[in-house]
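Okay, so here's the structure we're looking at.
Just so it is clear, none of the values below were taken in a lab; they were calculated from the coordinates. Everything numeric in this text was worked out from a predicted model, so none of it was measured. All Cβ positions, even for glycine, are placed from backbone atoms using ideal geometry, and neighbour counts span all protein chains on display.
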Amino acid sequence: MTAPDPANAAPEAAVDTAPENPTETRVRAALDGLEVSFGAAQDAIVCVEFERELLHTVMERLRDSAGFETLTFVTCVDHLASTATEPRFEVVHQLISLAHGDRVRTRVRLTSDDATLASITDLWPGAGFMEREAYDMFGVRFEGHPNLKRLLMPEGYGHHPLRKDFPQQGIEPDRLYREWDRERRKDWNPKES
Amino acid sequence: MGSLTEARTSSDEGFLATRLDALINWGRKNSLWPMPLGLSCCGIELMAMIGPRFDISRFGAEAARFSPRQCDLMIVAGTLTWKMAKAARTIYDQMPEPKWVLAMGVCSSSGGMYDSYSVVQGIDSILPVDIYVPGCPPRPDAVIDAILKLQKKIERESPIKNLLAGTEVVEHEGTGVIRRQPNHAVERTELDRHPHSPAARETAVHFGAASPESLRGDDQ
Ligand code: SF4
């Protein structure tokens, strides 16, 4: 590989002002008038960043105006170690348009003391399980979710295991089992209690 | 089909008891009906073992039953999570005596590669295990070998003596009464303590977090 020829490299500013990417053009048109910024495209996917209050509006417009009719995933990233800044969680939504054959990704930053976000289960009912998983693993609360319970960990577990400050080997992983066990031992052997 | 070998050489239990023991043990060891607790990938190997190629019916253990009431041998084949542990323990308690437990694979023996918050670090923290089979997964031959070794172990039991004398009652952590000594062949030391053990938990330092409570969530 040789170094890229500077004559062929497109100047950075030109990309920002005149997007050639048809996906980006469509997304910009749909989100016109909203305070969103276009982050660096990753994996050739257009990335949109905005404040959390806008989430529901943005998703609705992307679905109805830009033609992204399918939700790929809702997930969360914990940036505790890498940035040490307070908007610690980053909730990522990704949509796909089957008609146009392209994708868009959105990012919202949340602080740990108020990690709440609007649910999009009314737009895509399938988001329900993914939001439950994000709640279970990171403790992000989705307001308006019809049934925001833990998905993978047992109920009452008390921790959110994919947070970066959660130890890999867990904190009292057997607590719920032991509690259950103690209760039923009483039935087996009433003398013990 | 095995043989009516004499179980023990010591003669302090009398001729009739040892003969009856031998007969009962012969019956028990040659009809070990497994409870297939196939929890993950090891379960596939368990199915191969039960199928015609490896065929554990040669050893009287082919009748895998999905009702714990009809089982003698619980084969824990796979990764036991703490969420599943309650179910596993309930199934074990529902099995009638006499019963044995086989830990198939490193996951059920020790937690294996899942040194993790969700996995039981060895099913012997909730069940009395008779025999461990290493491997990830173990080949069916290895599990068959374990079943043969378990048959040897059953040969050495003395059911009549236990029946007459009242069994030695062992309280195993968990539920009610278990009539066989769990495997304590390995002495544990302070250094062997796993972070999941209650003693280690009290002294654990969790990666700079002030205390376990400070990391606790809000849903309890
Ligand atoms: S021991 Fe290996 S094959 Fe068996 S359940 Fe664990 S990971 Fe799967």
Using only the alpha carbon atoms of the stretch A:99-193, find the Kirkwood hydrodynamic radius as the inverse mean reciprocal pair distance, in angstroms to one decimal. 16.2 Å
Note the full-extension length gain between A:Ser65 and A:Glu143 as 0.36 nm times their separation in residues minus their Cα-Cα distance, in nm to one decimal. 25.7 nm
List the GluC sites (Glu not before Pro) within the stretch A:57-119 that fall in a DSSP loop (any state other than H, G, I, E or B) and whose Cβ has at most 16 other Cβ atoms within 10 Å. A:Glu69
Förster radius 30 Å - calculated FRET efficiency between B:Lys86 and B:Met47 (Cβ-Cβ, nearest 0.05): 0.75
With θ set to phi - 60°, apply the Karplus curve 6.51 cos²θ - 1.76 cosθ + 1.60 along the stretch A:40-54 and write out the HN-Hα couplings as whole Hz, x wherever there is a Gly or Pro. 5, 5, 10, 6, 6, 10, 5, 10, 10, 10, 6, 7, 5, 5, 7
Give the lysines whose C-alpha is closer than 27 Å to that of B:Lys83, dropping any in the same chain fewer than 8 places away, or say none. A:Lys149, A:Lys164, A:Lys186, B:Lys99
Distance cut-off 21 Å, percentage of C-alpha pairs in the stretch B:1-139 lying past it: 47 percent
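Would you order B:Met47, A:Met59, B:Met74, B:Met104 from fewest to most other beta-carbon atoms within 10 Å of each residue's own beta-carbon? Before the final figure, lay out each step's value.
Values: B:Met47 15, A:Met59 21, B:Met74 24, B:Met104 31.
Lowest count first: B:Met47, A:Met59, B:Met74, B:Met104.
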Ranking of A:Thr57, A:Thr23 by count of other Cβ atoms within 10 Å, fewest first: A:Thr57, A:Thr23
